[in-house]
Amino acid sequence: MKLLEGKTAIVSGGGSGFGRAMSLLYAAEGASVAVSDIDTEKGEETVEEILKNGGKGIFIKADVSQPEENAKTVQCTVSHFGKLDIAFNNAGIGGASASLADYPIEAWDKIIRINLSGVFYGMHYQIPEMLKQGGGVIVNMASILGQVGFAGACGYVAAKHGVVGLTKNVALEYGMLGIRANAVGPGFVETNLTRNLMEEKEAYDFLVAKHPMGRLGKVEEIVDLVLWLSSDRASFCNGGYYTVDGGYLAK
């Protein structure tokens, strides 16, 4: 039997990177997957691949920074699949790069809306549906920068610290009601957010040197942990922050 047979999952930011990889993995393990993304073309490509591989999936165009868009995602998922068991709140952006006093106000507002408020809005609408069936699982995409600072990235750092805090609160408030919530903290991984840096050797080498393993991570090295946390195998994991960082935080 597949690990998530009969389950239904929402993946935000499912059009690329971690979101696409996780959508495909959820589907391969038997889950019906609602792929949400602001990019229709990429989101539909993910669903096409799910269907091609024999899985079940739908695409929902949604901007996680808008509360009503998160409500729509949950409503469409439940309407199509009948329930909601798992939510992977993954959508996010890298944001501006500047010291705090020079950080553009508009850039701050945008990254907080997407990376932090988007997770809050998602859970705000996901949790009531999970409660109707006696529980569910939430995995939130944080970062190693949910634990430490990084010069020039105050918006991203603040948002990811907030995601870790929100995750802990959900565990405290809903653990007795059957909902588990955990956060994943990847190190720097080869995704669209870091790909541009690979063309700037000095910046790329700087990031690599931050990781004791001497390289950046790969998407596939992260998603297996998300899958495990989403499954019943992690039934006593709640309120945790799990790093996959090549030793970054060990320094």
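The values are calculated or read from the model by the stated rules, or taken from the named source; none is laboratory data. Fair warning: this is a prediction, and the values are worked out from it, not measured in the lab. All Cβ positions, even for glycine, are placed from backbone atoms using ideal geometry, and neighbour counts span all protein chains on display. Note: accessible area is taken over every heavy atom of the protein model, side chains too, but ligands, DNA and RNA are not part of it. Shrake-Rupley method; radii C 1.70, N 1.55, O 1.52, S 1.80 Å.
Restricting attention to the range 136-156, which residues are open to solvent by 10 Å² or more (accessible area, probe 1.4 Å), assigned to a helix (DSSP H, G or I) and touching a Lys or Arg at 6+ places or on another chain (Cβ under 9 Å)?
none
Report yes if Lys61 is closer than 23 Å to Val163 by Cα, more than 16 Å from the chain's Cα centre (by Cα) and either modelled with pLDDT of 95 or more or not charged (D, E, K, R) (or both), otherwise no.
yes
Restricting to the range 34-59, count the residues that are open to solvent by less than 10 Å² (accessible area, probe 1.4 Å) and within 12 Å of Leu24 (Cβ to Cβ).
3
Out of all the residues in the range 60-73, which are surrounded by 24 or more Cβ atoms within 10 Å (Cβ to Cβ) and of a type in the set (A, V, I, L, M, F, W, C)?
Residues satisfying the conditions are Ala62, Val64.
Being assigned to a helix (DSSP H, G or I), small (Gly, Ala, Ser), modelled with pLDDT of 95 or more and within 23 Å of Gly185 (Cα to Cα) narrows it down to one residue among Ala107, Ala87, Ala71, Ala91; which is it?
Matching residue, one of Ala107, Ala87, Ala71, Ala91: Ala107.
Please verify whether Ala96 is in a loop (DSSP other than H, G, I, E, B) and not aromatic (Phe, Trp, Tyr), treating the condition exactly as stated.
Criteria met by Ala96.
Inside the range 1-14, can you point out the residues that are open to solvent by less than 40 Å² (accessible area, probe 1.4 Å) and within 15 Å of Val223 (Cβ to Cβ)?
Residues satisfying the conditions are Leu4, Ala9, Val11, Ser12, Gly13, Gly14.
Take the range 82-109 and flag every residue that is open to solvent by 50 Å² or more (accessible area, probe 1.4 Å) and of a type in the set (A, V, I, L, M, F, W, C).
Scanning the range 82-109 gives Leu100, Ala101, Ile105, Trp108.
Only one residue in Ser231, Ser235 is under 23 Å from Leu4 (Cβ atoms), of a type outside the set (A, V, I, L, M, F, W, C), touching a residue at least 40 places away in the same chain (Cβ under 8 Å) and loosely packed, with under 12 Cβ neighbours inside 10 Å, so which one is that?
Exactly one of Ser231, Ser235 is under 23 Å from Leu4 (Cβ atoms), of a type outside the set (A, V, I, L, M, F, W, C), touching a residue at least 40 places away in the same chain (Cβ under 8 Å) and loosely packed, with under 12 Cβ neighbours inside 10 Å, namely Ser235.
Test each condition in (1) closer than 26 Å to Ser23 by Cβ; (2) of a type in the set (Lys, Arg); (3) open to solvent by 80 Å² or more (accessible area, probe 1.4 Å) for Lys201 and report the one that comes out false.
The failed condition is (1).
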